[in-house]
Amino acid sequence: MNAASRPLAYLVKIDRVILAIAVILAAVAFADRPQLTKSLQFMGGSIGNTVWFLLASIALAAYSKASGADNLIGAAFQGKTSTAIIAAAVVGAVTPFCSCGVIPVVAALLAIGVPLGPVMAFWVSSPLMDPAMFMITTATLGVEFAVAKTIASIVIAILSGAVAAAFVRAGLINTVLQPHIGNGGCAASKIRNPKAVVWKMWGDPARREVFLEGFKSNGFFLGKWLLLAFALESLMVAYMPMDFASAPVFKEGFLPIVFATLVGIPSYLNGYAALPLVHGLLDQGLAPGAAMAFLISGGISSIPAAMAVWMVATPRVFALYITLGIIGSLLSGVLYAAWMGA
């Protein structure tokens, strides 16, 4: 290999996600150097907020695979899908995960054999509401709005979980996780053998090797994609114009709900940062249903959240997640508008 071709060959070997992060940061450094520092701080803070969940989830998945504990968890959900979906939706609404932060937990749950229905319910409700979010929403938009959003989050999650479970039963989804994540598969249809579990697996060199390999591979795969999602999120927060959401088209009828749902997808702000914006838009005449649709769609199907889903789920699961998120946002906006008489 001649000297001229060596750099190109080296670039080909670099992981594409890592390369994308480097290119994005280099472009920011060239075009807006002060923003580079802000983006790096944002990425560091976001990773810091999720690192313990990330490490715990990766370790859980690796331990479950090495010990065979996924057999027990997979079997525990057999025959209890409907109850599990409701429970997962409620649990998701009281746990403090953002759209990207919930992904390591979801990946671990799917990798250890939890059926897609309950996981989808948790997946949908978790980024939308938690106790701190409820209190801040109450303080910013009123208790009625906070209660309505909580109900909407749980109902949408239950419906999403039920639809996902129906897709699995109908054979429309046979594989859930990307191959890099591990053996997620069609978890709802698997019957595991609990006798295969070896809880004290650390004394077995082969099982320790399985644990370490799973920890490293899943950690690298999830970590790089989360870094990319956080890098893009930092740029969206910095550059995405939000004042167009106060245009007259957002002020009355069904059309504002449709537009707010679509605007919520690319115009990502985290749930806390979005609340003052929505409060200001409501003061300017934004329809209440549109405000609800905006907050729901932003939490479920924003671009960073969609990227995070794409990194772990198969295309069919990804398409189902996005579709359910959009439909759920529209329904929540319509129902809240009807409740408010607006």
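Read-outs throughout are calculated quantities, based only on the coordinates presented, and are distinct from any laboratory measurement. Since this is a predicted model, take the numbers as computed values, not measurements. For neighbour counting, all protein chains shown are included, and Cβ atoms are generated from backbone atoms with ideal geometry for every residue, glycine included.
Some points to look at:
- The residues neighbouring Glu213, those whose beta-carbon lies less than 13 Å from its own, together hold a net charge of +3 under the Lys/Arg +1, Asp/Glu -1 convention.
- Here the residues Lys80, Lys65, Lys200, ranked from fewest to most Cβ neighbours within 10 Å of their Cβ, fall in the order Lys200, Lys80, Lys65.
- Note on Asn49 and Ile18: the model spin-label points, each 7 Å out from Cα along the C-beta direction, lie 2.7 nm apart.
- A simple count of charges around Thr140, restricted to other residues whose Cβ falls under 14 Å of its Cβ and scoring Lys, Arg +1 and Asp, Glu -1, yields -1.
- Stretching Phe220 away from Met135 to a fully extended chain increases their span by 27.1 nm, per 0.36 nm per residue minus the current alpha-carbon distance.
- Neighbour counts of other Cβ atoms within 10 Å put Phe230, Phe221 in the fewest-to-most order Phe221, Phe230.
- Residue-span extension gain [Val198 to Ala319] - 0.36 nm each, minus C-alpha spacing: 39.9 nm
- Distance between the C-alpha centres of the stretch 138-155 and the stretch 308-342: 17 Å, rounded to the whole angstrom.
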